[in-house]
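This report concerns only the one structure given below.
We did not get these values from a lab; they are worked out from the coordinates using the rules stated. Everything numeric in this text was worked out from a predicted model, so none of it was measured. Here the Cβ positions follow ideal geometry from the backbone for every residue, glycine too, while neighbour counts run over all protein chains shown.
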Amino acid sequence: MAIEQLLILIKPDGVKKSLTGNILTKLSEARMVIIGAKAVKVSKELAEQHYYHLKDKPFFGELVDYIQGKVYGEPWDRVLAFVYQGEDAIARMRKIAGATNPEEADPISIRGAYGRITTKGVYENVVHCSSDPKEAEREIKLWFKPEEIVNKIYPTKEVTVTNK
Ligand code: GDP
């Protein structure tokens, strides 16, 4: 099993609903290490770069507004960004995050428990979770400066988490 790093975002709906603690508790079940963490007020440019692979979708404009927290306004128009590291981290964290569509997500996953589809059809699914190692590397470089990551080398050596 490979040691992987990935980007997790608590999206503005998660911040507004005060779900940060619940989300981090659920993610902690995977026993990964947090190697970067910060609050980010997302610019349009960053939002568009993050979701570049969806630029041709009809919901792209709403998606860019959503990740910027435009519908929520101050003080909820921000995301909390984390870089996690651990064994087989991407698949394991995506399982905890749940399916993209919150109505199809496992009810005990983060998206299944806390997500919703708005009346305008926006998937308010509370978290972002990198989908594969290549995307994870791209996203981490997009959201974090090298000096903001505790382990600066990508990929990093194995880390063992214990409860001692
Ligand atoms: P993810 O990796 O599970 O987040 O899925 P994607 O990268 O495919 O999509 C990114 C985000 O776009 C999702 O988390 C949703 O917020 C949104 N999204 C994806 N598919 C749809 C869709 O069919 N309709 C709407 N309204 N939003 C979508």
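Points to keep in mind about this one:
- Peptide packing: for 104-117, 43-56, 78-91, 126-139, the average count of neighbouring Cβ atoms within 10 Å per residue gives the ranking 78-91, 126-139, 104-117, 43-56, highest mean first.
- Above 23 Å, the calculated P(r) of region 3-148 contains 29 percent of its Cα-Cα pairs.
- Modelled spin labels at LEU142 and LYS17, positioned 7 Å past Cα toward Cβ, are 2.3 nm from each other.
- Summary of packing: across the peptides 142-150, 12-20, 32-40, the per-residue average of other C-beta atoms within 10 Å ranks them, highest first, as 12-20, 32-40, 142-150.
- If you take the Cα centroid of region 27-43 and the Cα centroid of region 85-106, the two points sit 14 Å apart.
- Dipole moment magnitude, nearest 20 debye, the chain about Cα centre, only Lys, Arg, Asp, Glu C-beta charged: 320 debye
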